[in-house]
Amino acid sequence: DYYMPCLVIPEEEVHTIGIWGRKHQQYLREYRPIIYSDLVLSGKLYGYLSDIDTQARNKLSLIATQLAEKESITEELKAQDQMAWVSAMNSIRNRAEEIVRHELIYYAKEVL
């Protein structure tokens, strides 16, 4: 006969998780399995991922705005040359996303 532990995972409030939260979840699952398991077993995973997603979206918006101001990408440029404006904004967005990925998504601070 075997004694099987009766493990019950506590119910967790379901939060909306965006793309950044899902990317961080995948990172934790692949490269930080102990942290991921601790979050799942403690019932804090979805709250944590929702918080990371919110932080990432806010930081992305802030960085993109700051870079656009620094590079003088304004509505005047948009009115004069739309293709140049789109190209510049795409470049800014890509750089901002890379910063967010490096600083928030692929970095697992100790959360427990």
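The values are calculated or read from the model by the stated rules, or taken from the named source; none is laboratory data. Just so it is clear, the model here is predicted, and its values are computed rather than measured. No Cβ is skipped: glycine too gets one built from the backbone with ideal geometry, and neighbour counts run over all protein chains shown.
Based on what the data block shows, is Leu67 on the phi < 0 side of the Ramachandran plot and in contact (Cβ under 8 Å) with a residue 60 or more places away in the chain?
no
Residues being under 30 Å from Gln25 (Cβ atoms) and either modelled with pLDDT under 95 or not aliphatic (A, V, I, L, M) (or both): count how many of those fall in segment 65-98.
Adding up the residues that qualify gives 9.
Report those helices (runs of 4 or more DSSP H) wholly inside the chain carrying at least 2 residues which are buried (at least 16 other Cβ atoms within 10 Å of the Cβ) and out of contact with any strand residue (DSSP E or B) (no Cβ under 6 Å at 6 or more places or on another chain).
Values: elements: 19-31, 33-42, 45-70, 75-80, 82-100.
Helices (runs of 4 or more DSSP H) meeting the threshold: 19-31, 33-42, 45-70, 82-100.
Only one residue in Glu98, Glu103, Glu11, Glu75 is touching a Lys or Arg at 6+ places or on another chain (Cβ under 9 Å) and acidic (Asp, Glu). Which one?
Going through Glu98, Glu103, Glu11, Glu75 in turn, just one is touching a Lys or Arg at 6+ places or on another chain (Cβ under 9 Å) and acidic (Asp, Glu): Glu103.
From Ala56, Ala64, Ala79, Ala68, which residue is out of contact with any Pro (no Cβ under 8 Å at 6 or more places or on another chain) and farther than 18 Å from Ala96 by Cβ?
Residue meeting the stated conditions: Ala79.
For segment 30-48, how many residues meet the condition of being over 15 Å from Tyr107 (Cβ atoms) and either without any contact (Cβ under 8 Å) to a residue 12 or more places away in the chain or of a type in the set (Lys, Arg) (or both)?
Residues that pass the stated criteria total 4.
Against the condition of a type outside the set (A, V, I, L, M, F, W, C), more than 12 Å from the chain's Cα centre (by Cα) and under 25 Å from Glu11 (Cα atoms), how does Asp38 come out, does it pass? So that I can check it myself, show each step before the final result.
Details: of a type outside the set (A, V, I, L, M, F, W, C): yes; more than 12 Å from the chain's Cα centre (by Cα): yes; under 25 Å from Glu11 (Cα atoms): yes.
So Asp38 fits the description; yes.
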